[in-house]
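The values are calculated or read from the model by the stated rules, or taken from the named source; none is laboratory data. These figures come from a predicted structure and were not determined experimentally. In this analysis, Cβ positions are derived from the backbone assuming ideal geometry, glycine residues included, and neighbour counts consider all displayed protein chains. Side chains included, ligands, DNA and RNA excluded: accessible areas come from the protein's heavy atoms. Shrake-Rupley method; radii C 1.70, N 1.55, O 1.52, S 1.80 Å.
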Amino acid sequence: MAAPAVSLPRSSKTESYVDNKRKEDIRHANIVAARAIADAVRTSLGPKGMDKMISTASGEVIITNDGATILNKMEVLQPAAKMLVELSKSQDSAAGDGTTTVVVIAGSLLKQCLSLMAHGIHPTVISDSLHKTAIKAVDVLTAMAVPVELSDRESLIKSASTSLNSKVVSQYSTLLAPLAVDSVLSVVDPAKPDLVDLRDVKIVKKLGSTVDDTMLVKGLVFDKKVSHAAGGPTRMENAKIAVIQFQISPPKTDIEQSIVVSDYTQMDRILKEERNYILGMIKKIKATGCNVLLIQKSILRDAVTDLSLHYLAKAKILVIKDVERDDIEFITKTLNCLPIANIEHFRSEKLGFAELVEEASMGDGKIVKITGIKDMGRTATVLVRGSNQLVIDEAERSLHDALCVVRCLVNKRYLIAGGGAPEIELSRQLGAWAKVLHGMEGYCVRSFAEALEVVPYTLAENAGLNPITIVTELRNRHAQGEINTGINVRKGQITNILEENVVQPLLVSTSAITLATECVRMILKIDDIVTVR
């Protein structure tokens, strides 16, 4: 009698045995590395978030609360973790604010993906449901948003100060927020109302005094002093300003060569020629009525010599030398003039006009201010002050975030509540939507809905409140239909956030969700890392 056939234990998933261990390990390693990055910046989320002190290899110290700056300076080696650094960079360029939020959300989504994969759900299924969730989330957020007009200055200031509240310079938000709003509104072009180029807002940093003295200058500010050689003027009213890109100094030969002078009469002749050459140039300049010269920094030879400065001072022309090449475009746009590349093209129609150019003492140095510019271009200059370099740098970064928030509102004119309200509302609505879906998708969507609760949870945790009580109470309120209820960190309780003036642009929230889901989907799809020498 034949022995009964022994049934071999089959792998439940597939007929043949496939070694999936390595793929799972790689995924696991990627997710763990990326989550470590997310946890590193998690503590700096929100108004009560901590700041990070970054010490670079060169011994420079940076103190910051801005997620993008922290991740940028981090030395990240693991390739998947680098994706989170890129993620915060792209949020920085898309919206400008919410760079910490986006990383925290991505970290939380990854945590949920890990548990879903442990349950044996295929990464592709998780990835597809993530995509659907993101699209649905953007719809939910848009439905919550409140439209805003650019003429409504109060709302713009509210959203800018919300952005500044989580920064080191939060105590100055009453000063910096209106300043950010005014500078963005002054560069918005009526012809193209949706586009704001933040390069038109120039931030000049000057050490000394406190952040309180930061101001918006209608005009130009140079962090330089007027050239004092030979007693030239340091103040000029009714200025006619020329921006020149040529040198007022004796010409050099095109090739490397030396001139041998054997006779002192020849020596005199050379000096005389030089003098005549420079005088000729200055006469041409003076003939157009120009009385302020901005001279571009020159690489080849000195832009001005002592001799030319002496003659310029005699001609009563105020000189600002060593203007950076990159600033020329901004200066000409502001002054509404043209840069002059050659003395032959020096004509009065290329000049800019201003009421006053003067030198002012600031802190330990001097600055030059140009005010009352005629037909001024759409630009703004912000002079940032601070007691030490760390504060100034952080003030500049915070101001940049506030400017970006106002720019977001110009691009997409909707406001949304802050304080964890949109995230809880999303979590609730997506949870309800998950019950309608069938199969694995519903299961995935439900865990992503849970993942979004990380934002209010972290806000409460950083403020020293009990996160579990707060988040449960929030869910409760939102279930009763109070959409705009969020965490009021200052009072340590749950209130209507819109009435507390904690608002953010819709673009910040939607771009955070779409970018975070995109990044997570990419990390999920990776199943192997191949190093190529």
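Overview of values
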| item | result |
| --- | --- |
| In the stretch 334-370, the residues that are surrounded by fewer than 18 Cβ atoms within 10 Å (Cβ to Cβ) and β-branched (Val, Ile, Thr) | ILE343 |
| Among the candidates PRO422, PRO456, residue that is more than 30 Å from SER183 (Cα to Cα) and of a type outside the set (Ser, Thr, Tyr) | PRO456 |
| Condition check for SER108: at pLDDT 90 or above, closer than 30 Å to ILE392 by Cα and of a type outside the set (Val, Ile, Thr) | no |
| Residues of the stretch 238-261 satisfying the condition of being surrounded by fewer than 11 Cβ atoms within 10 Å (Cβ to Cβ) and free of Cβ contacts under 8 Å to residues at least 12 places away in the same chain | THR253, ASP254, ILE255, GLU256, GLN257, SER258, ILE259, VAL260 |
| Total residues in the stretch 27-47, condition assigned to a loop (DSSP other than H, G, I, E, B) and among the small types (Gly, Ala, Ser) | 2 |
| Qualifying residue in the stretch 327-349 (condition: in a strand (DSSP E or B), within 22 Å of ARG385 (Cα to Cα) and under 30 Å from the mean Cα position of the chain (by Cα)) | no |
| Residue count, the stretch 40-62 (criterion: open to solvent by 50 Å² or more (accessible area, probe 1.4 Å), in contact (Cβ under 8 Å) with a residue 60 or more places away in the chain and touching a strand residue (DSSP E or B) at 6+ places or on another chain (Cβ under 6 Å)) | 2 |
| Count of residues meeting criterion [more than 29 Å from GLU256 (Cβ to Cβ), open to solvent by 60 Å² or more (accessible area, probe 1.4 Å) and out of contact with any Ser or Thr (no Cβ under 9 Å at 6 or more places or on another chain)] in the stretch 300-333 | 4 |
| Members of the stretch 376-386 that are open to solvent by 50 Å² or more (accessible area, probe 1.4 Å) and either of a type in the set (S, T, N, Q) or out of contact with any strand residue (DSSP E or B) (no Cβ under 8 Å at 6 or more places or on another chain) (or both) | none |
| Matching option when the condition is more than 23 Å from HIS345 (Cα to Cα), touching a residue at least 40 places away in the same chain (Cβ under 8 Å), open to solvent by less than 70 Å² (accessible area, probe 1.4 Å) and not assigned by the TED database to the domain that holds GLU329, among VAL226, VAL204 | VAL204 |
| Residue among VAL103, VAL148, VAL76, VAL138 that alone is open to solvent by less than 40 Å² (accessible area, probe 1.4 Å), closer than 21 Å to HIS400 by Cα and in contact with a helix residue (DSSP H, G or I) (Cβ under 6 Å, 6 or more places away or on another chain) | VAL103 |
| Qualifying residue in the stretch 51-68 (condition: assigned to a helix (DSSP H, G or I) and among the hydrophobic types (A, V, I, L, M, F, W, C)) | yes |
| Index of the failed condition, GLU24 passing every other in (1) of a type in the set (D, E, K, R); (2) surrounded by 22 or more Cβ atoms within 10 Å (Cβ to Cβ); (3) part of a helix (DSSP H, G or I) | (2) |
| Selection within the stretch 210-229 - under 25 Å from the mean Cα position of the chain (by Cα) and not charged (D, E, K, R) | THR210, VAL211, THR214, MET215, LEU216, VAL217, GLY219, LEU220, VAL221, PHE222 |
| Selection within the stretch 250-278 - more than 21 Å from LEU307 (Cα to Cα) and either of a type in the set (S, T, N, Q) or not in a loop (DSSP other than H, G, I, E, B) (or both) | GLN257, SER258, SER262 |
| Single match in ILE282, ILE295 (criterion: more than 42 Å from the chain's Cα centre (by Cα), assigned by the TED database to the domain that holds GLN247, surrounded by 13 or more Cβ atoms within 10 Å (Cβ to Cβ) and touching a residue at least 24 places away in the same chain (Cβ under 8 Å)) | ILE282 |
| Conditions (1) touching a Cys at 6+ places or on another chain (Cβ under 8 Å); (2) open to solvent by 10 Å² or more (accessible area, probe 1.4 Å); (3) closer than 21 Å to VAL382 by Cα: number failed by VAL125 | (3) |
| Residue tally, condition open to solvent by less than 20 Å² (accessible area, probe 1.4 Å) and more than 16 Å from ALA380 (Cβ to Cβ), over the stretch 209-223 | 1 |
| Subset of the stretch 416-468 that is of a type in the set (S, T, N, Q) and touching a residue at least 40 places away in the same chain (Cβ under 8 Å) - its residue that is farthest from ALA512 (Cα to Cα) | ASN462 |
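A quick yes/no check of all residues on (1) touching a strand residue (DSSP E or B) at 6+ places or on another chain (Cβ under 6 Å); (2) outside the structural domain of GLU441 (by the TED database):
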residue: ALA143; (1), (2): no, no
residue: LYS158; (1), (2): yes, yes
residue: SER173; (1), (2): no, yes
residue: VAL196; (1), (2): no, yes
